[in-house]
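Shown next, in structure tokens, is the structure this report addresses.
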Amino acid sequence: MYTTPPEDEDGADLFILNVLRGNRAWMSRYSRPPVNGSAKAVVLTCMDSRIPPLEMLGLSPGEVFIIRNAGNAITDDALRSLLICLTVMECRNVMVVGHSSCGMRSSGHLDERVAEAVNVEALSEFLGEGIVDARSWLGFYEPHERDWAMGQAATLRELLGRVMPGIVVKVSSALYHLEDGRLEMLDQPSQKMAIST
């Protein structure tokens, strides 16, 4: 697995140097996107660094709002961002996109590593809530990625019907396949719909 060493032999931060180098390359081909607010759709997907949200959807900056978190979960903060997109920005399409090999769905002991490193008492105190089970609070659950994405979309449909009555929002779900770049639509009339990137 590739990881960026934190420092070279002279103490320079290689991550920052790589970011600045990459940004210069980006600036050489950059063109300013449309005014913020032109997007009328929002995607909730995972923060996994292997997922390129715009590229997997075939979209460009300014065409969609992207909300990312660990495991493409409907959390308080994801909901806050979604409600801003749906009200202030008047989006009417939401897509929940899960992906294959998601560590939040089949943690392979990742949850234990996190739980060992996190002081639950200090976290509870900071958040002002009593966290009993760090594993559950962090969002490690076992359903298959496909079932999780569809379940999160169903939860969101129900929630929006109560929170935003009278406003029609289309909520769909999809699964991004890391193996071949395919985007599989999950809850459409034809379950066979797929887009290859």
- Query: Only one of these conditions is not met by I131: (1) surrounded by fewer than 13 Cβ atoms within 10 Å (Cβ to Cβ); (2) at pLDDT below 95. Which number is it?
  - Reply: (1)
- Query: Looking at the stretch 47-60, is at least one residue among the acidic types (D, E) and either within 20 Å of E184 (Cα to Cα) or assigned to a loop (DSSP other than H, G, I, E, B) (or both)?
  - Reply: yes
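Could you say whether any residue in the stretch 51-65 is under 19 Å from S106 (Cα atoms) and not polar (S, T, N, Q)?
yes
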- Item | Filter pass, R162 being among the basic types (K, R), loosely packed, with under 11 Cβ neighbours inside 10 Å and either in contact with a helix residue (DSSP H, G or I) (Cβ under 7 Å, 6 or more places away or on another chain) or not in a loop (DSSP other than H, G, I, E, B) (or both) | yes
- Task: Would you confirm whether any residue within the stretch 66-76 is out of contact with any Phe, Trp or Tyr (no Cβ under 9 Å at 6 or more places or on another chain) and assigned to a helix (DSSP H, G or I)?
- Result: yes
- Task: Only residues that are surrounded by fewer than 14 Cβ atoms within 10 Å (Cβ to Cβ), of a type in the set (G, A, S) and without any contact (Cβ under 8 Å) to a residue 40 or more places away in the chain: list them for the stretch 46-104, please.
- Result: S49, S60
- Of all residues making up the stretch 130-169, the number that are of a type in the set (A, V, I, L, M) and within 21 Å of M89 (Cβ to Cβ): 9
- Task: State whether one or more residues within the stretch 119-128 are at pLDDT below 80, among the acidic types (D, E) and either crowded, with 16+ Cβ neighbours inside 10 Å or over 20 Å from R50 (Cα atoms) (or both).
- Result: no
- Query: Applying the selection to the stretch 135-154, what residues are at pLDDT 80 or above, in a helix (DSSP H, G or I) and not polar (S, T, N, Q)?
  - Reply: W137, L138, E145, R146, D147, W148, A149, M150, G151, A153, A154
- Quick check, is L183 in the same structural domain as V97 (by TED's automatic domain parsing), in contact (Cβ under 8 Å) with a residue 12 or more places away in the chain and either loosely packed, with under 13 Cβ neighbours inside 10 Å or not in a strand (DSSP E or B) (or both)? no
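The values are calculated or read from the model by the stated rules, or taken from the named source; none is laboratory data. Because the structure is a prediction, the values reported are computed rather than measured. A quick note on method: Cβ atoms are made from the backbone with ideal geometry, for glycine too, and the neighbour counts reach across all protein chains shown.
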